[in-house]
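Have a look at the structure below, then the notes.
The values are calculated or read from the model by the stated rules, or taken from the named source; none is laboratory data. Given the structure is predicted, the values throughout are model-derived calculations rather than measurements. Because the Cβ atoms are built from the backbone with ideal geometry, glycine has one as well, and the counts that use them run over all protein chains shown. In case anyone asks, the SASA skips ligands and DNA or RNA and just uses the protein heavy atoms, side chains included. Shrake-Rupley method; radii C 1.70, N 1.55, O 1.52, S 1.80 Å.
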Amino acid sequence: ETEYEWFERWGCLHGFNEDRRSVNTGNSVYGALNFAFHMKPSKVLILGLDGTTEASVASVVSGHTPNSLKHLNYLFGSSIYQLQRDGIQVVVGSPNSMVSCFPRTTPNFGMDWIELD
């Protein structure tokens, strides 16, 4: 499945909502990143965006098998132009995250990086 097929199939909007009164979502982290985008920070550190389908506490408790999250690069990648245009750097503080459209690092290094301004 291509990026465009995925956006069409799920009825998702490409990129962030530019209207400061609205956010585009595809998952909770993407919505939070769109919200942060409206605040125009110079840096954003995303923590907890592993994007794995491994069993988690939530999946064990609920009994649901996690779905494929291959689409996360499509979703987050659709915002790269807007982030770069506005000079916002994004780093994922999970070195094994499936999301590879942003640099990945450890949470500790990410915390040091975010404080360097």
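Every test in (1) at pLDDT 90 or above; (2) of a type in the set (Val, Ile, Thr); (3) within 27 Å of residue 1 (Cα to Cα) is passed by residue 44 save one, and that test is (3). In the stretch 1-12, the qualifying residues are those that are under 14 Å from residue 73 (Cα atoms) and open to solvent by 60 Å² or more (accessible area, probe 1.4 Å), and the one that is modelled with the highest pLDDT is 5. Does residue 99 satisfy the criteria of being in a strand (DSSP E or B) and either in contact with a Cys (Cβ under 8 Å, 6 or more places away or on another chain) or buried (at least 16 other Cβ atoms within 10 Å of the Cβ) (or both)? No; evaluated as a whole, the condition is false for this residue.
For every residue, the table says whether it meets (1) at pLDDT 95 or above; (2) farther than 27 Å from residue 18 by Cα.
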position: 37; (1), (2): yes, no
position: 50; (1), (2): no, no
position: 61; (1), (2): no, yes
position: 90; (1), (2): yes, no
position: 117; (1), (2): no, no
